[in-house]
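Participant: I am attaching a structure below and will ask some questions about it afterwards.
The values are calculated or read from the model by the stated rules, or taken from the named source; none is laboratory data. Just so it is clear, the structure is predicted and the values come from calculations on it, not from any experiment. Please note: Cβ atoms are built from the backbone with ideal geometry, for glycine as well, and neighbour counts cover all protein chains shown.
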Amino acid sequence: MGRFVSGILILLVLGGGYVFRDYLASNVGELRVGDCFDEPAIQQSVGHAAEVNDIQHRPCAEVHDGEVYAVLSHPGQGGATYPSDDTWDEFIGERCEAEFAGYLGRDYTVATELEIAWYFPTASGWSEGDREITCYVYSVDGRKLDKSLHQQ
């Protein structure tokens, strides 16, 4: 009987985590395409970028700051040198911009009310093999979004 109760408890905890995922905070690396979230307070500046650890998920039908529209991987292999700020901006900017239309259904150059941004690995994450880049969209004027922007 103890194993059965434990099994049910584990299923409830795991199921609850999935059901309430839109309300939970998680690591930036756990963001996926279609996730909506609130931008975190800046925790520590690194160059011109800021280091971010946790993101607060939000349901897309409720007010939120941003929406993930692409998760990319940098091709840097093994001991590759960590990219400079300019290299990151060029590499990611081109690729995030290219992915915009596929998710939102319109070209980035005509979506003047929206802006793109991204999260990319820190130097320490890079040295541990992290190559994931998360592209997201937010409102240029700082207004909160209140629905998903997917193919509107």
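Participant: Among the residues of region 115-129, what is the count of those that are crowded, with 16+ Cβ neighbours inside 10 Å and within 16 Å of the chain's Cα centre (by Cα)?
Facilitator: Restricting attention to region 115-129, the residues satisfying the condition of being crowded, with 16+ Cβ neighbours inside 10 Å are 116, 118-122, 125-126.
With the extra rule that they be within 16 Å of the chain's Cα centre (by Cα), the set shrinks to 116, 118-122, 125.
The qualifying residues number 7.
Participant: Go through region 55-69 and give me each residue that's part of a strand (DSSP E or B) and loosely packed, with under 12 Cβ neighbours inside 10 Å.
Facilitator: The answer is none; no residue qualifies.
Participant: Let me ask you something else. Going through region 95-136 one residue at a time, which ones are charged (D, E, K, R) and under 25 Å from Glu30 (Cβ atoms)?
Facilitator: Those that are charged (D, E, K, R) and under 25 Å from Glu30 (Cβ atoms): Arg95, Glu97, Glu99, Glu115, Glu128, Asp130, Arg131, Glu132.
Participant: Can you find a residue in region 70-87 that is modelled with pLDDT under 95, out of contact with any strand residue (DSSP E or B) (no Cβ under 6 Å at 6 or more places or on another chain), crowded, with 17+ Cβ neighbours inside 10 Å and not in a loop (DSSP other than H, G, I, E, B)?
Facilitator: No - not one qualifying residue is present in region 70-87.
Participant: Looking only at region 70-113, which residues are under 20 Å from Gly125 (Cα atoms) and of a type in the set (Phe, Trp, Tyr)?
Facilitator: Tyr82, Trp88, Phe91
Participant: Follow-up question, since we're still on this one. Could you list, in sequence order, all residues of region 102-131 that are assigned to a helix (DSSP H, G or I), in contact with a Phe, Trp or Tyr (Cβ under 7 Å, 6 or more places away or on another chain) and under 18 Å from Leu72 (Cβ atoms)?
Facilitator: Tyr103, Leu104, Tyr108, Trp126
Participant: Next up: Kindly check whether there is at least one residue in region 11-20 that is surrounded by 10 or more Cβ atoms within 10 Å (Cβ to Cβ) and modelled with pLDDT of 70 or more.
Facilitator: No - not one qualifying residue is present in region 11-20.
Participant: Identify, please: which residue in region 21-38 is within 10 Å of the chain's Cα centre (by Cα) and at pLDDT below 90 and is, among those, surrounded by the most Cβ atoms within 10 Å (Cβ to Cβ)?
Facilitator: Ranking the qualifying residues of region 21-38, first place goes to Val28.
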